[in-house]
Amino acid sequence: MKKILLALTAVAAMTGSASAADLAARPYVKAPAPAPVANWTGFYVFGGGGGGLSNTDQHIQTTTGAVPLTINQRQGGSGWFGTVGLGYDWQFSGTWVAGVFADGQFGSIKGTIQDPIFGITGNQKLEDSWAAGVRLGWLVAPNVLSYVNGGYSGAHFGSTNFMTLTGADAGIHVNGFNRNGWFIGGGVENSLNIFGITSPGWFMKTEYRSAFYNNKTMTELSNVTNLPTPGHDIRANTWNQTISTSLVYRFNWTGPVVAKY
């Protein structure tokens with residue numbers, strides 16, 4: 001019996017020694033690296049297009065004395081445009097992005113203006129506009145930025161030739177003009193590295209923008225003499241809403257940046 005107990009004790013001791021040796025021999029395993037973080041800091045350019053709506057509040061007043069002759073009426077319009085621009089972004093606090101940008105739009109967003117007293121009407125076209133502003137965004141994913149923006153906007157409106165109710169030339173026009181204003185908006189920008197396609201530096205953004213322009217007094221002029229006739233002005237302001245989609249190229253983009261050890 002004593003011999004059996006001594007044998008079991010010896011086996012247990014050897015087993016414990018072997019287990020300790022196995023534990024000591026395990027290799028060191030490095031902790032997993034943190035998830036990659038995208039870098040949004042840098043310059044970018046973009047180009048695209050979209051559609052817009054125009055709303056104008058207007059009334060007729062006398063050329064001499066600016067006496068109102070009608071109440072304000074809202075006229076609408078719509079059209080298309082193209083856009084190009086550039087900007088610079090800074091990424092901070094991990095998931096926040098702030099930036100500055102400038103862009104220009106060109107196209108044909110048409111709205112109606114009219115003089116109901118004389119029964120004449122015409123189309124006024126927003127031919128081009130430009131904007132400079134700032135934006136602030138939050139990364140909902142490493143490659144997806146949701147943002148809001150705002151700033152200055154200027155616009156050029158083309159001249160208008162008036163027609164009568166029967167479609168005949170009324171012989172009256174208003175000249176084109178420039179207006180200043182401001183805008184607010186927002187959108188989403190995302191990398192095009194989707195569905196297994198690799199496109200370093202290429203992004204797409206979709207943006208809504210609402211621009212408000214100062215009041216303008218437009219004098220009705222004779223097509224023959226270019227003099228005020230029949231003594232009426234159109235006083236109006238303009239509010240434009242646009243939605244655009246643009247292709248963006250980021251010069252610094254090389255994909256997610258992995259921390260080094």
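The values are calculated or read from the model by the stated rules, or taken from the named source; none is laboratory data. What you see is a predicted model, and the numbers here were worked out from it, not measured in a lab. So basically every Cβ, Gly included, is an ideal-geometry build from the backbone, and we count neighbours across all protein chains shown. Accessible surface is based on the protein model in full, side chains and every heavy atom, while ligands, DNA and RNA are left aside. Shrake-Rupley method; radii C 1.70, N 1.55, O 1.52, S 1.80 Å.
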What nm distance separates the two modelled labels at Ala102 and Trp182, each placed 7 Å from Cα along Cα→Cβ? 2.0 nm
Where the accessible area of region 109-187 is counted over protein heavy atoms with a 1.4 Å probe, how much of it, in %, is carbon and sulfur? 59 percent
Leaving ligands and nucleic acids out of the surface, order Trp202, Trp80, Trp253 by accessible area at 1.4 Å, largest first. Trp80, Trp202, Trp253
Relative to the Cα centre, what is the charge dipole magnitude of region 137-261, using +1 at the beta carbon of each Lys and Arg, -1 at the beta carbon of each Asp and Glu, and rounding to the nearest 20 debye? 460 debye
Aspartates and glutamates within cross-link reach of Lys216: Cα-Cα under 14 Å, excluding same-chain residues under 8 positions apart? Asp57, Asp233
Accessible area of Ile234 in the full protein assembly, 1.4 Å probe (Å², nearest 10): 0 Å²
Could you tell me the center-to-center distance, by alpha carbons, between region 140-158 and region 198-247 in angstrom? 17 Å
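Please give me the summed charge of the neighbours of Trp130: other residues whose Cβ is under 14 Å from its Cβ, Lys and Arg +1, Asp and Glu -1. Could the numbers behind the result be given before it?
Details: positive: Arg179, Arg209; negative: Asp103, Glu127, Asp128.
Net charge in that neighbourhood comes out at -1.
Just the accessible area per residue of region 104-169, please: how many Å² with a 1.4 Å probe?
45 Å²
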